[in-house]
Structure formats: structure tokens, C-alpha cells
1. By its C-alpha gyration tensor, with a ≥ b ≥ c as the square roots of the eigenvalues, how is segment B:98-257 shaped: rounded for a/c under 1.5, else prolate for a/b larger than b/c, else oblate?
2. By counting other Cβ atoms within 10 Å of each Cβ, how are B:Phe27, B:Phe299, B:Phe58 ranked from fewest to most?
3. Bins of 10 Å, beginning at zero and ending with the bin holding the largest distance: percent of Cα pairs per bin for chain A, please.
4. Which aspartates and glutamates, on any chain, are close to B:Lys314 with Cα under 20 Å apart, when same-chain ones fewer than 8 places away are left out?
5. Please arrange B:Thr13, B:Thr69 by how many other C-beta atoms lie within 10 Å of their C-beta, fewest to most.
6. Considering only DSSP beta bridges whose two residues both sit in the protein assembly as shown, what percent are antiparallel, to the nearest 5?
7. With a sphere of radius 12 Å drawn around the Cβ of B:Met78, what net charge do the other residues whose Cβ falls strictly inside it have (Lys, Arg +1; Asp, Glu -1)?
8. Give the lysines reachable from B:Lys218 as a straight Cα distance under 18 Å; neighbours fewer than 8 places away on the same chain don't count.
Amino acid sequence: MIYSAALVDHFRNPRNAGMMRDPDGVGESEYRECMDLARFYLRVRDGRVLEARFQTYGCGPTIAASSAATELAAGHRLEDLVELAEGRVVEAVGGLPEERRHAAQVVAMALRAAARNALDRRGKG
Amino acid sequence: MNRRVYLDHNASTPVHPEVVQAMLPYFGERFGNPSSVHAFGREAREGVETAREQIAHFLRVGKEEIVFTSGGTESDNMAVKGIAMARRQGHIITSQIEHHAVLRAVQYLETLGFEATYVPVDQHGMVDPDDVRRAIRPDTVLITIMHANSEVGTIQPAAEIGRLAREREIPFHVDGVQTFGKVPIDLDAFGIDLLSFSSHKIYGPKGVAGLWIRKGTKMVSVQHGGEHERRRRAGTENVPGIVGFGKAVELRARDMADEAVRVTALRDRLWDGISARVPEVRLNGHPTQRLPGTCNMCFRHVESESIVLGLDLKGVGVSAGSACTSGSVEPSYVLVAMGVPLDWAMGSVRTSLGRSTTAEDIDYVVECVEPLVAKLRSAMPARAEAR
């Protein structure tokens, strides 16, 4: 197996998969070359992520990275999450082969977009 | 520990134990170079020539018409380039769904000034012989059409294409790598002049294959060196590999017909099981004119590789129709040529069964596929459905 145990575990047992009703922030990203699509929903309390959920179309690593990213996001301040580096997602799945780095890229972009969206909504609210 | 089920026989097969036994002496005491005149060389030569006879007998051809190569890719290159280059210029007819060994050889010849027509296929992956007829030009020097496609398994109307080639006296090459030893090939009735065939698809070792060249076919060598293989393919023969190949072919002559019946039934059991339990799945390839063990399916709105990975984790080996190893994903060119819509083509999975596959294996795979596809679809964003 070319993938880490953590990645395989997230693929096998995805955490927080599926949509969220009335989220405080939604964001998505596409990786056109691979046709991957990731979307994150955030529930926010006092500026921090209470819960994150995902919906993803993509290969195994992208699904696993989405699952890991929902756990990564929980507890984070939105201001930190909008800066989330792709490398953090790579770490969260125990590393990614070079040719699958796009999995972390599309997931990090989608999660940052969701955090930005939550901040925008708060600003308007 | 999971059950282990191998459903990727079109990629490669396990070497038959009897084949291994036949090969072993040629790694040891019969190690000589078959070109040497001494006893050591003569023993190795005997192994090579016995294998040539076994294969010639199976194909019902003369043994001097068989050339051993290093693999199906070399056989295809030798045939396509060898025929074309002997004629220096001209036009080549092939199909859009050939193996890359043929497609890229033809594309290379185009850079040298040859012209090519890539005939299309229908929704089942079948070439229309009328398209071949229409493509024929006065300067056509080669028709090369595969016997069966490795991805979807559709068996081409070789006899009808061969008749057209024969009428116009155009050499007809058939890539028979996926059919040789699995379904009957009647070289004369099909009007074939060159046939590529391989060992590791039929329980022989890797690194050895053959090209049958009808006697009198004008061609040039593409690999230059010594006088091996009647000066058609230079290079010391892969003696153990060739011996094993011969043995594998002998076993196919014995097992092929019964196995085709058994494997076809298992293939249909797999499709019936999956299509009855999984919504939005389609079968790719011809419903009946198809390789016995090949079942290629598209799961709509699911990505091929996630199914391959999910099944791998259950101990099941299948292959993906699309791959994103280089950071970009392309749907299979074969499915694209067949007109399969993109939202289906992205979720294609090829299963290919073989001699060791059992009904229990098939039932296990069906059990695995249903929840896996449901899980993948449940985590999918609605917008992906627009793809």
C-alpha cells in the first residue's frame, strides 16, 4: 500500500461525511485537472469551529484528506483557518505521495473558502 | 486477514505451476546460449525449438513462421514498423481503441511521413468493417486491428476485416494479446498475416511473447544485431521464458474451451449481482461478443480510483479505467471512443477473471462493491452529478 495507515483509516471510515443543515459557512474548491470537488460546511461558536462536515467527489486520497481536514478544523479560530496551509492537511493524513499532493491542495482551498465565508457572514450579521 | 481475490487477469496472470516446473531446468543445468554449437547450447536450443513447436501446433502454422520477442509491445512494434518500413511510405489503417503499442507505433510512423486512418468504434467498442473498407486507399500498406480490447473485452470482426485486406492484398496485423489462448483464432479463416500474442496473459512468465508472420510476408527487422530468429529479431533468446511460454500454450490447448465456458458464467454472475444491487451502473463492451473473463463497469458519479482503493482494502484486485497519477485525470480513451458520457466514464472499473476465480470470489466481490459504492456516493456533493 502506497498510502499511510492514517489515510487508509480516513478513507475506510470517513469522519463527518455529508451535508450540514444551516451551516455558518460553506466553501468549496475544484481541482479541474483531476475533476476533484470538495465542499466543507462549518458550524461556528464564538469564532471557533464547533463542527465541520464535508462532501467530496474524488479519488481515495482526496476523500481521506477531506475527512482528516474536518477533524483538523474543529476547535480552530476562523482567522487561523483562512490561512490553513496545504502542508497541514498532508500531515493530517500521514503524508501523501508527491503525485497526490493535489488532494491536500483542493481540500485546503475548500476549507479556507468555508472559513472565509463564515467570516463574511459574521461581518454582515 | 481479508480474503484475497484477483480480478485483474487482463493485466497479468499467475504462472501455472506446471509452467514453473518446465522452466526450472533452464535456469540450472540447461543454461546455455542456444546459439552455441556445443552440448550446452544444443540443450538450450532444444528447449526453444520445442516451445516453438508447441505454439506452432496450437496455431496450426509452420514453426519457422514464429518469432519470439520480449513482450506484446515488442511484437506489435515489430509488426507495425516492420511492415510499414519495408514499404518506405504509404497509408496505415488502425482503430481508435488499439493498445498504445500499436497506436504510438503508428503515430511514430506518421512523423516519418506515413499517413494513418484511425477508424472509430460503436457504443460497444466494435469496429465496423465498412469503415475499414471506406478507409482503404490505393497506397494502404497495412491494416492493424486488435482482436479484443483489453479494457472492455469486445471481440472485433477480424474475419470480415481480414477478407477486405485479402481482397486488396494488404497485410493484416492482429494484436491478439488478449485473445490468444482464451478464444479460438483461425489465422487462415480470419485472413491474418501477422499475429501478436503474449505469454503472461495465459499463465506463462512475463518478458516473452511472439509474433506469427505468415510465410512470404515482406517486412524488415526493427532490431538489428545477430542472426537470431532467422534474422528477424536479433538478441539472445529468453530461454527459460520461451520454454515456459511453450508449456503455457500447451496447457491452454487442453484447458481453453472448458475454462471459457466456466469463466463466462462467472463474469455474468458478477455483472448480474452488481447490476441487481447497485443503482446507476452500466456494462461497457459488447454484451456477447466479449472476452470470457472481462467485465468492465461504470459506476456513475463515483471516481474509479476510489473504488479500486476501496476494493484493494478488502483484498480485491481490480483496475481503474481512469487514473490520476500525474496529477491530472483522463477518462479512458477507449470509453471516450465508445461515446461513454464523462460522468459515467470517470467511474469505470475493469474486472478480468481467470482460471482460479471461483463463484465464492464473485459473491464476495459483489458483497464488497454494494456498500462501497453507496458510501462513496453518500459523501459526494450534489454538484458532481452535473459532470
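Read-outs throughout are calculated quantities, based only on the coordinates presented, and are distinct from any laboratory measurement. Remember, predicted model here, so these are calculated numbers, not experimental data. No Cβ is skipped: glycine too gets one built from the backbone with ideal geometry, and neighbour counts run over all protein chains shown.
1. Note, shape of segment B:98-257 comes out oblate.
2. Values: B:Phe27 11, B:Phe299 25, B:Phe58 18.
Least to most surrounded, the residues fall as B:Phe27, B:Phe58, B:Phe299.
3. Spelled out bin by bin, chain A gives 15, 50, 28, 6, 0 percent.
4. Counting by Cα, and skipping residues close in sequence, B:Lys314 has these aspartates and glutamates nearby: A:Asp9, B:Asp8, B:Glu303, B:Glu305, B:Glu360, B:Asp361, B:Asp363, B:Glu367, B:Glu370.
5. Working: B:Thr13 22, B:Thr69 27.
Going from least to most buried by this count: B:Thr13, B:Thr69.
6. Values: 40 of 58 bridges.
Looking only at bridges with both residues in the protein assembly as shown, the antiparallel portion is about 70 percent.
7. Numbers: positive: B:Lys81, B:Arg232, B:Arg233; negative: B:Glu74, B:Asp76, B:Asp175, B:Glu229.
Net charge around B:Met78: -1.
8. Within reach: B:Lys63, B:Lys81.
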